[in-house]
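Here is the structure we will look at, set down as structure tokens.
Each reported figure results from applying straightforward, stated rules to the coordinates on display, with no laboratory input. It should be emphasised that the depicted structure is a prediction, and the values quoted were computed from it without experimental measurement. Cβ sites come from the backbone with ideal geometry, for glycine too, and all protein chains shown count toward neighbours.
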Amino acid sequence: MSPKSSAELEQIISLRGQYTDDAVLACLWVLKQRNELSTSNLELLEQLESKSEQEQKRTVAKEKRKKREAKEVAKLYFDFFTFRAHSRIVPGIIYANTIIYVAMLIAGIHPMEPSPYDLLLWGGNLTELSLGYQPWRLVTHIFLHGSVIHILMNMAILAYIGPMVEVTLGRKWFILAYLITGIGAGIASAAWNVNLVSVGASGSIFGLFGLTLSILITSNEQGLKRAFIPNILWFVGYNIVFGLTRTGIDNAAHIGGLITGMMLGFILGLSTLKNISILERVTQANRR
């Protein structure tokens, strides 16, 4: 700005609507140094300096808030991963699924491509039976898997989301939630995939994500919302879109479990858990 003449600087100031505040402020500072600042421009300089100072304070406050939120999120993730040792039902479900799968292998069922008939014998979900005279299949199919990859992926995701839900709900409610969402997923699958045998824990797992999402939405804990809601939405959205582009993925069960979980989560979030802090339960579990 210094090489410009005072007249040029005055022109920039007069056309300040076309320039940034910083550019106009620089012009005013140069004129002030030259002792050529008019009274009106002096008032403008004071206004812009005050505005600039306020913006700097807001920027500093924003940065501090971001750092504080980052620390809160980091703590939440730390708590999330450290309270897993207090989960009892989730490991039990993982053991049960694994034992059943190993038993299926011992019985001679193919580890990667079991036949629909074999899965049906072990309790697979089939429209005519599950929605007819054998409704127990809506439960048993939750504990069956069709391949090594299938069970490994489902159990890994269950180990991720399950402990937080278990600690938040308590063991009895968690068992009920797991079974109810699995049944909801089974009904959706049987209604949509007529004459196809379906198995897997993914319906219940999507149900846990849906339940967690609803509880977080009804919660006042902003830190938890920022930490987990984007991840849940990404996981659910990605897997549903992925399921639409691949064969052999039971998207009906995923969506059915998700909706059932969300409905159950809203009921619990607005009633049983209304005055219960999710973070408080997690923290208490870590102190045990």
Which semi-axis lengths, in whole Å and largest first, follow from the square roots of five times the eigenvalues of the Cα gyration tensor of region 87-287?
30, 17, 15
So, with +1 on the Cβ of K and R and -1 on the Cβ of D and E, and no other charges, what is the size of the charge dipole of the chain about its Cα centre, to the nearest 20 debye?
920 debye
Sorted by packing (mean other beta-carbon atoms within 10 Å per residue), highest first, where do 16-27, 189-200 land?
189-200, 16-27
Can you name the helices of the chain, as whole DSSP H runs, whose Cα span along the helix axis is 15 Å or more and whose Kyte-Doolittle mean is not below -1.0?
21-33, 89-106, 148-169, 171-192, 202-218, 222-244, 251-270
How many nm separate the modelled label positions at Ile267 and Glu49, each set 7 Å beyond the Cα in the direction of the Cβ?
6.6 nm
Grab the beta carbon distance between Ser40 and Lys62, set R0 = 51 Å, and tell me the FRET efficiency rounded to 0.05.
0.95
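Set the Förster distance to 22 Å, then compute FRET efficiency between Leu176 and Gln134 from the Cβ-Cβ distance, nearest 0.05. Don't skip to the end; give the middle numbers.
Working: r = 22 Å, r/R0 = 0.99.
Rounded to the nearest 0.05, the efficiency is 0.50.
Can you order the peptides 36-49, 146-159 by their average number of other Cβ atoms within 10 Å per residue, highest first?
Values: 36-49: 13.7, 146-159: 17.1.
Top of the packing list down: 146-159, 36-49.
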